[in-house]
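A short worksheet on the structure shown next.
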Amino acid sequence: MTKHLKNMLLVIVAVTITAIGASFTVKANVGVGAYEALNMSINQLSGIKIGTLAIILNIICVAIQWLLMKKDFPLRQLFQIPVTLILGQVMNLMLYTVFSGLTIDQYWVKIAMVILGGIIASIGVGSMMALNYINMPLEGACMAFSNRFGFNFGKVRQIVDVLLIAAALLIAFSTDTAITVREGTIISMLFFPPSMNFVYEKIKASAAAQELSIDMD
């Protein structure tokens, strides 16, 4: 198996795990992350499936990367498109088939699902970051913007989250739809980054140890 094929397979596994984790947080329905909040708000207005909306928005992010980077856009990053198709389809499968008959009434179960979903998603995203083969579309678009205009990536990413949440709240307050930014959003913000960083650091450390072992042999 070639290195590129192995990396692609690992990315597919990681993005599938990410989609499953995101589906848990969406199903809990007590608030989700900024990106999912906008998807859920648009879903309530349009009826378009949440996974399908994720596909559309992610492809827009890939297009933004290409427009900003032009000839510097690595062709390998086009693999983001099939990856986002997988992510969206897995989310649709989880939300509209696997979870379709599931009713959750207990509040503590919903909170537990948010925490569990955040941890599962952090495993997927942390693994993709450690692999460093392709970007997630939103992060790739933010990186392309920061590189093009000389802004700090972290600040750009934070601003984008604020804009996404603002858009979700605007939809909720201007239409007769439920607010998708709630306590689960705060819980996700608390659990997701440290969990993702933990997975990232563990995988990087393991890979470094394996390389050292091979060199010593």
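Condition check ((1) in contact with a helix residue (DSSP H, G or I) (Cβ under 6 Å, 6 or more places away or on another chain); (2) more than 14 Å from Asn29 (Cβ to Cβ)) across all residues:
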site: Ile86; (1), (2): yes, yes
site: Gly101; (1), (2): no, yes
site: Tyr107; (1), (2): no, no
site: Ala112; (1), (2): no, no
site: Gly117; (1), (2): yes, no
site: Gly126; (1), (2): yes, yes
Exercise. Out of Ala168, Ala172, Ala121, report the one residue that is within 26 Å of His4 (Cβ to Cβ) and assigned to a helix (DSSP H, G or I).
Key: Ala121
Quiz item: Could you give every pair whose Cβ atoms fall below 8 Å, whose first residue belongs to the range 92-105 and is under 10 Å from Lys49 (Cβ atoms), and whose second residue is among the hydrophobic types (A, V, I, L, M, F, W, C), counting only separations of at least 6 or pairs across chains?
Solution: Asn92/Ile50; Leu95/Val26; Leu95/Ile50
Quiz item: Of the numbered conditions (1) over 17 Å from Tyr35 (Cβ atoms); (2) in contact with a Ser or Thr (Cβ under 6 Å, 6 or more places away or on another chain); (3) aliphatic (A, V, I, L, M); (4) open to solvent by less than 40 Å² (accessible area, probe 1.4 Å), Ile134 satisfies every one except a single condition; which is it?
Solution: (2)
Quiz item: Which one of Ala37, Ala14 is over 22 Å from Gln158 (Cβ atoms), within 17 Å of the chain's Cα centre (by Cα) and open to solvent by less than 10 Å² (accessible area, probe 1.4 Å)?
Solution: Ala14
Quiz item: Out of Lys71, Lys49, which single residue is closer than 27 Å to Tyr107 by Cα, basic (Lys, Arg) and surrounded by fewer than 23 Cβ atoms within 10 Å (Cβ to Cβ)?
Solution: Lys49
Exercise. May I ask you to say which residue of Val160, Val199, Val181 is open to solvent by less than 40 Å² (accessible area, probe 1.4 Å) and under 17 Å from Cys61 (Cβ atoms)?
Key: Val160
Exercise. Check Lys204, Lys155 and return the single one that is within 20 Å of Asn7 (Cα to Cα) and open to solvent by 70 Å² or more (accessible area, probe 1.4 Å).
Key: Lys204
Quiz prompt | Conditions (1) within 23 Å of Thr25 (Cα to Cα); (2) modelled with pLDDT of 90 or more; (3) surrounded by 15 or more Cβ atoms within 10 Å (Cβ to Cβ): number failed by Phe145 | solution = (1)
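The values are calculated or read from the model by the stated rules, or taken from the named source; none is laboratory data. As the structure is a computational prediction, the values presented were derived from the model and not from experiment. Using ideal geometry, Cβ is built from the backbone for each residue, glycine included, and neighbour counts are taken over all protein chains shown. Heads up: the accessible areas ignore ligands, DNA and RNA and are worked out on the full protein's heavy atoms, side chains in. Shrake-Rupley method; radii C 1.70, N 1.55, O 1.52, S 1.80 Å.
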